[in-house]
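What follows is a single structure, written as structure tokens, with notes after it.
The values are calculated or read from the model by the stated rules, or taken from the named source; none is laboratory data. Every value quoted in this text rests on a predicted model; they were computed, and no experiment measured them. Note that each Cβ is placed from the backbone with ideal geometry, even for glycine, and that neighbours are counted across all protein chains shown.
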């Protein structure tokens, strides 16, 4: 509940343009994640965080 109150406060304090930019950024992150050429296992293995 505290997070929702904080988020609503930020919504009221910031102009719509700020949030439009944030939405574009988040959407681009999601699109990139969907098109990432490696699976999560391959990525973690490459980083050395996942062993066979």
So which residues in region 37-52 are within 18 Å of the chain's Cα centre (by Cα) and either part of a helix (DSSP H, G or I) or at pLDDT below 85 (or both), if there are any at all? 40, 43
Taking region 1-35 and keeping residues at pLDDT below 85 and either in contact with a strand residue (DSSP E or B) (Cβ under 9 Å, 6 or more places away or on another chain) or not in a helix (DSSP H, G or I) (or both) leaves 1, 14, 15
